[in-house]
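Engineer: Take this structure, written in structure tokens, and hold onto it; I'll ask about it next.
The values are calculated or read from the model by the stated rules, or taken from the named source; none is laboratory data. Fair warning: this is a prediction, and the values are worked out from it, not measured in the lab. Because the Cβ atoms are built from the backbone with ideal geometry, glycine has one as well, and the counts that use them run over all protein chains shown.
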Amino acid sequence: MRRNFPQTPTIPALCGERYQFIGYHGIWDSDELYDLQQDPLETNNLIDSEAHQKIVSRMRARLFEILEQRGGQQIPLWPDRGNPQNLRSPKGSPVADFPPELKRSPRRPPRK
């Protein structure tokens, strides 16, 4: 049964004068970094850009400093209310394909 919120119930972010860093906590989530001056609509995720890795590291560290200082690492878990919402409409949006950079080759089965 799924809970009454998505797998990632809390999405912390840090917004500076130029960059915005979004740190996801979930199995399939990828962090995000946007240059708000060059990309105000946040369409180009720079998280894997070699040129931006120092910014990513600084902003990630600062985000967790703020979360620790303000008690933001405590996620409140409440009892479920109502029934699970696991059913999907066949008329809903199609499943999105994973970007190639997030895919890996299947593992070979272990030898016996």
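Engineer: Consider only pairs whose beta carbons are under 8 Å apart and that are at least six residues apart or on different chains; among these, list those whose first residue lies in region 94-108 and is on the phi < 0 side of the Ramachandran plot and whose second residue is surrounded by 10 or more Cβ atoms within 10 Å (Cβ to Cβ).
Structural biologist: Glu101/Asp48; Leu102/Ser30
Engineer: Still on this structure, please answer the following. Mind listing whichever residues of region 9-58 are touching a residue at least 40 places away in the same chain (Cβ under 8 Å), in a loop (DSSP other than H, G, I, E, B) and farther than 22 Å from Gln74 by Cα?
Structural biologist: Gly16, Asp48
Engineer: Here is a further query. Any residue at all in region 84-93 that's modelled with pLDDT under 80, of a type in the set (D, E, K, R), out of contact with any Lys or Arg (no Cβ under 8 Å at 6 or more places or on another chain) and exposed (fewer than 10 other Cβ atoms within 10 Å of the Cβ)?
Structural biologist: Checked region 84-93: at least one residue is modelled with pLDDT under 80, of a type in the set (D, E, K, R), out of contact with any Lys or Arg (no Cβ under 8 Å at 6 or more places or on another chain) and exposed (fewer than 10 other Cβ atoms within 10 Å of the Cβ).
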